[in-house]
Amino acid sequence: MDIEAARLLAKGIATITMGMSGIGEGILIGKALEAMGRNPEMEGSLFTKMLIGVAMAESTAIYALVAFFII
């Protein structure tokens, strides 16, 4: 495998990582909203934890984007 093929393969993996991060965020938000619907008293606590989780998932996508442009 030459260097150009390896570079394109790495860019493909970074692109897949960005897409999967979006899917993960959707699942996380959906499950948090489902939990809030089942137990409205916990809404404040769940919302805060959901925001932290979404920020962590989004940072993974940002790291993959940076890696995509560095490679």
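Just so you know, all these numbers are worked out from the coordinates, no wet-lab data involved. As the structure is a computational prediction, the values presented were derived from the model and not from experiment. Cβ atoms come from the backbone with ideal geometry, glycine included; neighbour counts cover every protein chain shown.
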query: Taking the Cβ of Ile70 as the center, what net charge do the other residues with Cβ under 13 Å away carry, scoring Lys and Arg +1 and Asp and Glu -1?
result: +2
field: With 5 Å bins from 0: P(r) over the chain, alpha-carbon pairs, percent
entry: 3, 17, 20, 15, 13, 9, 8, 6, 4, 2, 1, 0
statement: Here, chymotrypsin sites (Phe, Trp or Tyr not before Pro) of segment 2-71 satisfying both criteria (DSSP loop; at most 15 other Cβ within 10 Å) are none
task: Can you pull a Stokes-Einstein diffusion coefficient for segment 32-71 at 37 °C (0.692 mPa s), Rh from Kirkwood over Cα pairs, as a whole number of µm²/s?
output: 283 µm²/s
field: With Cα atoms, 0 to 90° folded angle of helix 43-70 axis to the chain main axis
entry: 10 degrees
- prompt: Among Ser59, Ser21, Ser45, which one shows the biggest mean-square fluctuation in a GNM of the chain, springs joining Cα atoms closer than 10 Å?
  reply: Ser45
- prompt: Taking the simple approach of a point 7 Å from Cα along Cα-to-Cβ for both Thr60 and Met18, what is their distance in nm?
  reply: 1.6 nm
task: Once you have the Cα-Cα distance between Ala10 and Ala67, take 0.36 nm times their residue separation minus that, and quote the gain in nm to one decimal.
output: 19.6 nm
